[in-house]
1. Compare the peptides 264-270, 121-127 by average per-residue count of other Cβ atoms within 10 angstrom and give them in order, highest first.
2. Between segment 344-358 and segment 271-291, what's the alpha-carbon centroid distance in Å?
3. Can you give the net charge of the other residues whose Cβ lies under 11 Å from the Cβ of Glu146, counting K and R as +1 and D and E as -1?
4. Compute the Cα gyration tensor for segment 157-291, then decide on rounded, prolate or oblate, letting a ≥ b ≥ c be the square roots of its eigenvalues: rounded whenever a/c is under 1.5, prolate when a/b is larger than b/c in the other cases, and oblate in all that remain.
5. Taking the Cβ of Tyr217 as the center, what net charge do the other residues with Cβ under 10 Å away carry, scoring Lys and Arg +1 and Asp and Glu -1?
6. Counting only the heavy atoms of the protein chains, how much of Glu259 is accessible to a 1.4 Å probe, in Å² to the nearest 10?
7. Considering the dipole of segment 157-291 built from charges on the beta carbon (Lys and Arg +1, Asp and Glu -1) around the Cα centre, which of Leu262, Gly169, Thr192 is farthest to its positive end?
8. For the chain, give the magnitude of the charge dipole about the Cα centre (Cβ charges: +1 Lys/Arg, -1 Asp/Glu; no others), in debye to the nearest 20.
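The values are calculated or read from the model by the stated rules, or taken from the named source; none is laboratory data. Note that the coordinates shown come from a computational prediction; the quantities given were computed from them, not determined experimentally. We place every Cβ from the backbone using ideal geometry, glycine too, and count neighbours over all the protein chains shown. Areas reflect the complete protein model, heavy atoms only, side chains present, ligands, DNA and RNA absent. Shrake-Rupley method; radii C 1.70, N 1.55, O 1.52, S 1.80 Å.
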Amino acid sequence: MRKSVFVMMALAAVIAGGTAVFFSFSGRTPGGQTSVLTAAPETSGRITIHFIPKNVGNPYFEALSTGFYDAIAELGEENFKYVYAGPEAAQADNQIEFVRNAIQDEADAIFIASNSNTALNPVFDEARAAGIRVYIINQDIPGSEEHRDAAIMPVNFDKIGSTQIDLLGKQIGYEGRFAILSATVDAPDQNTWVGLMKDELESDPKYEKMELLEVVYGDDQAEKSALETRALLSKYPDIKGIICPTAVGLPAACQVVRESGLAGKVKVTGLGLPSEMAEFVLDGTCEGFQLWNPPYEGYMGVYMVWAEKKDGFVPNPGAKFTARKLGEYTIQSDGQILTLEDPMLYDRSNIEKYSVLF
Ligand code: RAM
């Protein structure tokens with residue numbers, strides 16, 4: 001690719017209010033660093049992969065990005081060009097520019113954690129018309145499945161509602177008023193989980209003494225998440241728990257609960273990164289939380305692209321491919337691939353083991 005075009009693309013990405021990070025693999029570099037506006041060398045013959053997170057600077061997506069690196073290192077860095085680039089704010093409109101950059105870069109595959117179920121459909125169609133695979137990663141886009149080739153799911157989302165509600169229930173004795181601190185209002189994954197939690201609350205009699213006060217939104221930004229948590233504590237003096245299904249919101253909420261002298265009195269749980277949550281589990285602010293293994297998603301994605309380029313794999317329902325250390329995967333009838341089936345519980349028993357991994 002001509003250097004001038006490459007630099008223009010990089011500048012466009014930065015102007016779009018995001019962070020452009022380009023690697024031609026001089027070594028493993030953690031994702032999410034500030035812009036690297038150097039032109040990559042000629043990349044003909046390389047497999048070009050773009051990973052567009054909801055937002056850069058989010059440690060969750062930086063952890064997921066390391067999985068792409070791990071697989072690329074196994075398959076040979078000389079075979080790939082990997083671009084990790086996205087907006088600072090987790091808004092769908094801000095992601096359009098990065099999809100367009102991937103099209104201009106003649107990517108082989110785009111992996112995107114879409115901030116909307118629908119807003120990116122037109123640009124996804126543009127990419128696919130240009131012969132680029134569009135994979136939703138870490139979630140799906142319910143109702144817009146025909147605009148993507150497949151979706152890499154971290155776990156079976158159907159399990160998240162029941163496990164999150166039951167986790168808080170155990171911590172508050174299945175009685176009391178609680179709130180949910182989510183991320184952005186339009187986030188497909190967040191809205192799926194919140195809906196499942198509400199269904200669980202209403203359908204299982206064991207939760208009849210638990211009352212959901214409200215759902216608030218921290219936008220996957222630490223400051224806003226802290227602000228919303230303070231507002232909940234002030235508005236509801238008798239609140240007994242907060243469920244935060246966001247790796248940015250959960251530690252932020254724990255910090256506020258601890259600073260307010262309410263650690264252990266107001267139970268905080270949800271979905272988080274062990275590396276970000278270890279201090280709060282060890283000091284008792286958080287008894288336990290859940291997640292899965294974000295790097296596995298990126299790792300599996302690289303092997304899926306490799307299978308297509310080298311073995312003629314096509315991402316149709318029923319198709320199978322192997323992702324070395326993770327084994328064989330099959331694309332489900334709904335176009336989803338489950339990286340793992342169930343979420344994991346992280347607590348005092350295992351937090352130190354996993355906090356060094358992601
Ligand atoms: C945040 C994002 C992401 C979600 C994690 C658990 O980082 O909302 O989409 O999967 O939390």
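1. Numbers: 264-270: 23.6, 121-127: 18.1.
Answer by packing, highest mean first, reads 264-270, 121-127.
2. For segment 344-358 versus segment 271-291, the Cα centre distance is 8 Å.
3. Numbers: positive: Arg128, Arg148; negative: Asp125, Glu145, Asp149.
Charge balance in the 11 Å sphere: -1.
4. Numbers: a/c = 1.36, a/b = 1.16, b/c = 1.17.
Since a/c stays below 1.5, the shape of segment 157-291 is classed as rounded.
5. Details: positive: Lys224; negative: Asp186, Asp219, Asp220, Glu228.
Result for the local shell: -3.
6. 120
7. Sorting the options by dipole projection puts first Leu262.
8. On the way: 30 positive and 49 negative charges, 125 e Å.
My answer is approximately 600 debye.
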